[in-house]
Amino acid sequence: MIDDETLEKYREAGTIAAKVISEGKKGIRVGASYLEVVELIEGRVAEEGAGLAFPLNLSLNEDAAHDTASAGDARLFTRGDVAKLDLGVHIDGYIADTATTVDLGTNPSLVEASYQALEHAIGKVRPGVTAGELGAAIQYEIEIRGFRPVANLTGHGLDQYIIHKPPTIPNIGTAGGTVLEEGMVFAIEPFASTGSGRVKEKTRKEIYQQISNKPVRIPSGRAVMECITDRRGLPFARRWLPNKKSDIALPGLVRTHNLHVYPVLADTAGSLVSQHEHTLVVTDTGCIVTTR
Ligand code: MN
Ligand code: MN
């Protein structure tokens with residue numbers, strides 16, 4: 001169950017996330033700077049008095065998730081781009097996770113597929129329904145439009161300063177899964193693809209997360225760990241680190257399991273992926289969507 005004070009924090013985070021993402025998506029136009037869009041949106045969250053639950057994910061075309069700007073990122077949006085904006089906002093650690101897609105090409109039905117999948121899944125949420133039934137609704141809405149759901153990306157439970165925990169909400173129909181209960185908080189995030197419907201890791205790595213407090217011997221590594229302690233285990237961007245030395249320390253910190261890395265996840269080269277996501281709280285008769 002969830003107390004009123006906590007629910008209020010989830011709702012406040014959700015209201016801010018909804019406002020910032022709907023304003024921020026207007027900045028995605030042909031010729032606009034990728035880095036400027038990312039920095040503008042991240043800055044708006046701070047102006048609203050909230051924290052970022054993770055760096056703004058802005059993933060293009062076949063990239064489904066986990067891309068964000070690097071320092072000095074020179075990319076510009078180009079005609080045909082399908083851009084997924086995935087924003088995480090928190091109030092006192094209580095997270096709103098929401099995503100939308102901006103189409104700079106001519107792919108309205110691809111965008112509609114993940115949108116309708118999300119809406120239909122949300123419409124099914126109430127105590128007693130299984131996560132697998134939500135996945136089946138998602139799969140149906142995407143496949144009926146001629147696309148593939150991304151099977152190896154899922155929705156996920158949320159908790160204070162925790163971005164991924166059970167239940168897992170699949171994007172395909174599965175037998176059973178978690179039975180939903182009143183008070184559960186989770187994100188549903190369908191991805192629709194023109195590609196294989198599975199993502200793989202790319203070599204590009206921009207987003208990291210602290211996963212242990214093990215002591216670090218190397219000074220540059222220790223400096224990175226000191227600079228991210230205020231994240232309280234929430235992910236951070238390589239771009240947020242102060243200097244080049246920190247970059248060099250990152251692979252070692254991943255190897256020693258001080259950090260987890262989130263490589264960019266992509267479907268097949270040349271494919272296009274759309275995504276929509278909302279965070280919700282299960283009530284006795286349905287759910288409250290916090291991120292509308
Ligand atoms: Mn998200
Ligand atoms: Mn999510």
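Coordinate-derived values only; no laboratory data. Since this is a predicted model, take the numbers as computed values, not measurements. All Cβ positions, even for glycine, are placed from backbone atoms using ideal geometry, and neighbour counts span all protein chains on display.
The Cα-based radius of gyration of the range 203-264, divided by its Kirkwood radius, gives an Rg/Rh of 0.90. Among Gly146, Gly88, Gly157, the largest mean-square fluctuation in a Gaussian network model of the chain, built with springs joining Cα atoms closer than 10 Å, belongs to Gly146. Expressed as a fraction of 2.2 N^0.38 Å, the C-alpha radius of gyration for the range 101-222 is 1.28.
Modelled spin labels at Ile288 and Lys245, positioned 7 Å past Cα toward Cβ, are 4.7 nm from each other. The alpha carbon centroids of the range 45-70 and the range 101-176 are separated by 20 Å. Maximal additional length on extending the Ala32-Glu119 stretch stands at 28.3 nm, based on 0.36 nm per residue less the C-alpha distance. Let me know the Kirkwood hydrodynamic radius for the chain, please, with Cα pairs as the basis and the value in Å to one decimal. Taking the inverse mean of 1/r over all distinct Cα pairs, the chain comes out at 19.2 Å.
Considering all C-alpha pairs of the range 1-135, those separated by over 19 Å amount to 56%.
If only the Cβ of Lys and Arg carry +1 and only the Cβ of Asp and Glu carry -1, the dipole of the range 143-203 around its Cα centre is close to 420 debye.
Shape analysis of the range 86-167 yields a ratio of the Cα radius of gyration to the Kirkwood radius, Rg/Rh, of 1.00. The distance between label points at Val254 and Ala269 comes to 2.1 nm (points 7 Å beyond Cα on the Cα→Cβ vector). Stokes-Einstein diffusion for the range 150-275 at 25 °C, viscosity 0.890 mPa s, with a Kirkwood radius from C-alpha pairs, works out to 147 µm²/s. Proximity of backbone amide H atoms, modeled 1.01 Å from N, is registered between Gly197 and Thr268 at under 5 Å, excluding neighbours fewer than 5 places apart on the same chain. Out of Thr98, Thr78, Thr256, any idea which swings most in a Gaussian network model of the chain, alpha carbons joined below 10 Å? Maximum among the listed residues: Thr256.
Less than 5 angstrom separates the built amide H of Ala64 from those of Leu265, Ala266, Asp267, all sequence-distant by 5 or more or on a different chain. Between Glu47, Glu189, Glu141, the Gaussian network model of the chain with springs among Cα atoms under 10 angstrom shows the greatest mean-square fluctuation at Glu47.
Dipole magnitude for the chain: about 1220 debye, using +1 per Lys or Arg Cβ and -1 per Asp or Glu Cβ, origin at the Cα centre. For the range 233-278 versus the range 1-24, the spacing of their alpha-carbon centroids is 25 Å. Proximity of backbone amide H atoms, modeled 1.01 Å from N, is registered between Thr279 and Asp97, Thr290, Thr291 at under 5 Å, excluding neighbours fewer than 5 places apart on the same chain. Rg/Rh for the range 69-109 stands at 1.12; both radii use Cα atoms, and Rh follows the Kirkwood definition. Here the 3J(HN,Hα) profile of the range 145-150, calculated from phi with Karplus coefficients 6.51, -1.76 and 1.60 at θ = phi - 60°, is 8, x, 10, 10, x, 7 Hz, Gly and Pro shown as x. Think of it as helices only: each DSSP H run of n ≥ 4 in the chain is worth -39500 (n - 2.57), and spread over all residues that comes to -9500 deg cm²/dmol at 222 nm.
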